[in-house]
Amino acid sequence: MKPQVAGAAEGSAAHSQTDQARDNAGAAAQQLISGQQVQARMHEAVHWTGTVETVAVPLGVVWIREDGLGERKLLDLREYQEMPFMDSKISVLADIDMDGTYVNLVVTGHLTETNQQGLHPLIRQARALAPHESIRADPRGAENVEDNAVESLRWAIDHEHDTGPAAGSVDILLPDEESSQDDLDSGATLATGAVA
């Protein structure tokens, strides 16, 4: 009889743990809303970053649209920890020379692959103001700059995709710890967008 009692107790404990995990997952799901950008983590490692589409609170699961390929992922909140992503907004200050010799677009906040598109119309306007002069996008003061954001912005500039044509160049200023001393003094290197 004792082994049976022990087995029953173990089964009850396992069932209780399962219920607790389900309750925790449901509570986590209640914190999520459609349209929220999140990171899905397991053991502190980020597995997915995307936007919440559907939340099933009773099941403790969530559908997200993955950044990048745009695939839909079903995540079990008993396995993944869903963390709201950093506020993915940018602010842009336009420093415009009155003689039209340069336009600097100073970017702060979190520059991502998605919100870098907000710079496109500003670059287009800058090209109209100074079509033959220096235009610089300067995110050195941003709290976070995604590599994909810089690559996407550079591609848009190179291909004049929604950024307007111009005879001059558009440079992206980037912090670079391996720069020469002169670059370190200015705290930047240039990622130049060539314009045909």
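The values are calculated or read from the model by the stated rules, or taken from the named source; none is laboratory data. Model, not experiment: these values are computed from the prediction. Note that each Cβ is placed from the backbone with ideal geometry, even for glycine, and that neighbours are counted across all protein chains shown.
Numerical summary
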{"quantity": "Residue list for the range 126-145, restricted to those being surrounded by fewer than 17 Cβ atoms within 10 Å (Cβ to Cβ), in contact with a strand residue (DSSP E or B) (Cβ under 8 Å, 6 or more places away or on another chain) and farther than 30 Å from residue 38 by Cβ", "calculated": "129, 134"}
{"quantity": "Residue list for the range 29-48, filter: touching a residue at least 40 places away in the same chain (Cβ under 8 Å) and charged (D, E, K, R)", "calculated": "41"}
{"quantity": "Residues within the range 111-161 that are under 22 Å from residue 69 (Cβ atoms) and part of a loop (DSSP other than H, G, I, E, B), tallied", "calculated": "6"}
{"quantity": "Residue 19 being modelled with pLDDT under 60 and either part of a strand (DSSP E or B) or not hydroxyl-bearing (Ser, Thr, Tyr) (or both)", "calculated": "yes"}
{"quantity": "Residues located in the range 38-68, provided they are in contact with a Gly (Cβ under 9 Å, 6 or more places away or on another chain) and in a loop (DSSP other than H, G, I, E, B)", "calculated": "57, 58, 59, 60, 67, 68"}
{"quantity": "Hits in the range 89-103 (condition: assigned to a strand (DSSP E or B) and small (Gly, Ala, Ser))", "calculated": "91, 94"}
{"quantity": "Residues located in the range 50-70, provided they are closer than 15 Å to residue 148 by Cβ and crowded, with 19+ Cβ neighbours inside 10 Å", "calculated": "50, 67"}
{"quantity": "Residue match in the range 146-168 (condition: surrounded by 18 or more Cβ atoms within 10 Å (Cβ to Cβ), among the small types (Gly, Ala, Ser), in contact with a His (Cβ under 7 Å, 6 or more places away or on another chain) and at pLDDT 85 or above)", "calculated": "yes"}
